[in-house]
């Protein structure tokens, strides 16, 4: 009797060399199960398109002569709001949006005040402003990941302001562009649909259990037939670990109160994965010297 093969764990078409698109899709499936972060990236792209088009139209309509930096300020606001707000519940994201938006507006107000006009000292003033803002950003790192994200956002906004070194009137218009970008980004992020991280986590756990169960059924068949037990595919076990861990981060962010339960489920999946690996390795080959189990 031939040894059973573990082809049940392979994806369709896995015999052929995977294409670049196939490898990318598989990587995203493992590291971003359910498309939580991919959806956030899509919302950012939509926000970019809307903010840039609206900013350009605003600049042309009111003859601001800011056809580049006006949309750029709005797009920068969209980048800061979405990129530095991790996927979570709508309430948690709204709070994070509010903090980052307030930080952006406060910094742009400081730019309006610091901008001395068209004099050469304008550029110097913007660069000198980077020094205290960098110190503030480093201090914010003491307040965990949220403080670190706000510090990085602060540095990005300040660096863009130093590069552009706008005049006072230009800085005032850029403040309006930031408000415009913030409103558009908020509407895009909170009106378009998004997958539920808790449902994605539940699906990943169920799929992990089904995959392990399929291997255990194969193992039972091998034992009853007296043939060699194939070891569990290392790729299968690694993907279970990566998918469950990635889904756990998003699920815990969506519902922090359920984090203890989510961690308990992850611990069970981890133990099941390790037990499966050990079980596949501890059964001897029946074709040994005595042929006994």
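The residues of the stretch 134-159 that are touching a residue at least 24 places away in the same chain (Cβ under 8 Å) and crowded, with 20+ Cβ neighbours inside 10 Å, listed by number, are 149, 150, 153, 154, 157, 158.
Among the residues making up the stretch 141-163, those that are more than 28 Å from residue 70 (Cβ to Cβ) and more than 18 Å from the chain's Cα centre (by Cα) are 141, 142, 143.
Do we find that residue 166 is surrounded by fewer than 15 Cβ atoms within 10 Å (Cβ to Cβ) and over 30 Å from residue 92 (Cβ atoms) in this structure? No; evaluated as a whole, the condition is false for this residue.
Assess whether residue 177 counts as being crowded, with 22+ Cβ neighbours inside 10 Å, touching a helix residue (DSSP H, G or I) at 6+ places or on another chain (Cβ under 8 Å), assigned to a helix (DSSP H, G or I) and at pLDDT below 85. So residue 177 fails the test.
When every residue of the stretch 102-117 is checked against the conditions, none turns out to be under 16 Å from residue 155 (Cβ atoms), within 22 Å of the chain's Cα centre (by Cα) and surrounded by fewer than 18 Cβ atoms within 10 Å (Cβ to Cβ).
Here is the figure for the stretch 218-241: residues that are surrounded by fewer than 16 Cβ atoms within 10 Å (Cβ to Cβ) and in a helix (DSSP H, G or I) total 8.
The values are calculated or read from the model by the stated rules, or taken from the named source; none is laboratory data. The shown structure was predicted, so the numbers you read here are calculated from the model rather than taken from an experiment. No Cβ is skipped: glycine too gets one built from the backbone with ideal geometry, and neighbour counts run over all protein chains shown.
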